[in-house]
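All remarks here apply to the structure that follows.
Any read-out appearing in this document is the output of simple, stated calculations on the displayed coordinates, not a laboratory observation. Nothing here was measured: the structure is a model prediction, and the numbers come from that model. With ideal geometry, Cβ positions are generated from the backbone for all residues, glycine too; neighbour counts draw on all protein chains shown.
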Amino acid sequence: MTLVMGLIIMFIMMIVINVVGADPQVSTDLMNNLKP
Amino acid sequence: MDADFYPFIIRWLHVLNGVMWIGLLWYFNFVQIPNMSKIPDEQKPAIGKVIAPEALFWLRWAALGTLVFGLWLATLNGYIVEVLTLGLGTHLKGHVSLGIGMWFGIIMAFNVWFIIWPNQKKALGLVECDPDDKPKAARTAMLFSRTNTMLSIPMFYGMVSAQSLYHLS
């Protein structure tokens, strides 16, 4: 149970790192490209 | 001497203290606590009076050592503010991951010194307390120790991924 909880937090953390750590410029370019 | 050598020695001391700390934490959670019920009552004092206090001594000083050398290392590497603010200004994945790992480590060290240790002192009979408080204190210490075990998994992920996945040295 302890290990499962730890792994769940780890996976949430992986997503947070990749969202918060994403380069804002890359995100902006991506959004601009998605516009019609 | 090579300029990299000084931060390297601090990192080495950080890892050395960290292995001592988490090694003992995992000893408690994976070996001692789950097996206490299998030990006959007359033999329990060998664990409670001898092994556990000694293991807790090394655990809590190693926890402090890990914290001190870790913060020192982040200062030497020039990213202490960036990581403690979780890379909010830099948007570098290495800062976010190391920051989360560091905050988990800080919370864990706080638990060791300010929650687990005061409660263990009561549970092990190292300080005077109401006998009725002992089981409650032992349970609180056990639950926070278990929480630390749980946090150690994402903590290590943050520490290690910052370096080898996101190339923050």
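Quick check on chain B: helices-only [θ] at 222 nm, where DSSP H runs of length 4 and up contribute -39,500 (n - 2.57) each and the sum goes over total residues. Nearest 500, please.
-22000 deg cm²/dmol
Per-residue Cβ counts within 10 Å, from other chains only, averaged over B:159-169: what number is that?
1
Let me spell out the model: positive unit charges on the Cβ of Lys and Arg, negative unit charges on the Cβ of Asp and Glu, origin at the Cα centre of segment B:5-164. What dipole size does that give, in debye rounded to 20?
That gives a dipole near 180 debye.
For peptide B:140-152, what's the mean number of Cβ atoms from other chains within 10 Å of each residue's Cβ?
2
Rounded to the nearest Å, what's the spacing between the alpha carbon centres of segment B:106-162 and segment B:59-77? Just the number, please.
Measuring centre to centre over Cα atoms gives 19 Å.
Against the longest principal axis of chain B, how steep is helix B:52-76, in degrees 0 to 90 to the nearest 10, with axes from Cα atoms?
Approximately 10 degrees, to the nearest ten.
Roughly how crowded by other chains is peptide A:1-14, in terms of the mean Cβ count from those chains within 10 Å of each of its Cβ atoms?
Other-chain Cβ atoms within 10 Å of each residue's Cβ, averaged: 6.
Take B:Lys49 and A:Ile15, extend 7 Å from each Cα along the Cα→Cβ direction, and tell me the distance between the two endpoints in nm.
Here the answer is 5.2 nm between the modelled labels.
Would you kindly state how much longer the chain becomes between B:Ile106 and B:Tyr6 on full extension, computed as 0.36 nm times their sequence separation minus their alpha carbon distance, in nm to one decimal?
This chain segment gains 33.7 nm when fully extended.
Cross-link candidates for B:Lys49: which lysines have Cα within less than 23 Å, leaving aside residues fewer than 8 places away along the same chain?
B:Lys38, B:Lys121, B:Lys122, B:Lys134, B:Lys136
Please sort B:140-153, B:96-109, B:121-134, B:54-67 by packing, taking for each peptide the average over its residues of neighbouring beta carbons within 10 angstrom, highest first.
Put in order of decreasing packing, that is B:96-109, B:140-153, B:54-67, B:121-134.
State, as an integer percentage, the relative contact order of segment B:5-164 based on alpha-carbon contacts under 8 Å between residues 6 or more apart.
For segment B:5-164, the relative contact order is 26 percent.
Once the dipole of chain B is set up with Lys and Arg at +1 and Asp and Glu at -1 on Cβ about the Cα centre, which of B:Ala162, B:Leu64, B:Ser152 lies farthest towards its positive end?
B:Ser152
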